[in-house]
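For reference, the structure discussed in these notes is given below.
The values are calculated or read from the model by the stated rules, or taken from the named source; none is laboratory data. Being a predicted model, the structure only gives us computed values, none of them experimental. Cβ: placed from backbone, ideal geometry, glycine included. Neighbour counts: every protein chain shown.
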Amino acid sequence: MTHYLYFDGGCRGNGRSNPNAKAGYGYVIYDDMNARVADGWKYLGAKTNNYAEYSGFINGMQHALTLGVTDLVVRGDSNMVIKQMTGQFGANNPDMKILNGIAKELAANFTSIAFEHVYREDNKEADRLSNVAMDNPTPPAEWEDLLKKAQTATTMGGDDVIISVKKKRIASKTLLK
């Protein structure tokens, strides 16, 4: 069964030189019947827009792998991420090289994976979740309590978000979603 990952990232006041920037990402996973299977978002603080885009993509792939997804179509409105993953663009920035390497290692775990650029209007839910992340730099206290009780690959829901907790070592980076 093919699944579809929509991802987005954003930053208000791009974070490269602005310590007050607010970056975040969101992603949604659908099955082949267009049923929503999972989603997630996270506030990232003062990071760049490109960092946030890659973070949504990477964490969405991680979540898909924890669900046992083998065939994935990735859709995002980040032309840079999609073109870097398909080899049309190179990654020159040191941070993007690292994130691109992590993404390629994760992508290799799928039996089949395809990348499609979509326009923002076709990526509304992932965009909405990235905005939820940027609007919520500190999760409510009850979510923190849930996170403390969670072990690996546990999913908990809030009103607008599903929080998934999974630690995974990849390319000398520990990612927490």
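Structure summary
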read-out	value
Any hit, the range 68-75, residues being closer than 20 Å to D127 by Cβ, modelled with pLDDT of 95 or more and among the basic types (K, R)	yes
Count - residues of the range 66-80 that are within 14 Å of Y27 (Cα to Cα) and surrounded by 22 or more Cβ atoms within 10 Å (Cβ to Cβ)	4
Where a residue in the range 102-116 is exposed (fewer than 13 other Cβ atoms within 10 Å of the Cβ) and its partner, wherever it lies, is part of a loop (DSSP other than H, G, I, E, B) and at pLDDT 95 or above, with Cβ under 8 Å and at least six apart	T111/T70; S112/T70
Test: residue in the range 53-65 that is more than 13 Å from the chain's Cα centre (by Cα) and surrounded by 15 or more Cβ atoms within 10 Å (Cβ to Cβ)	no
Flag if Y43 is crowded, with 19+ Cβ neighbours inside 10 Å and modelled with pLDDT of 95 or more	no
Options G10, G24; residue that is closer than 15 Å to E125 by Cα and out of contact with any Pro (no Cβ under 9 Å at 6 or more places or on another chain)	G10
Sole residue being modelled with pLDDT of 75 or more and either exposed (fewer than 14 other Cβ atoms within 10 Å of the Cβ) or among the acidic types (D, E) (or both), chosen from D145, D135	D135
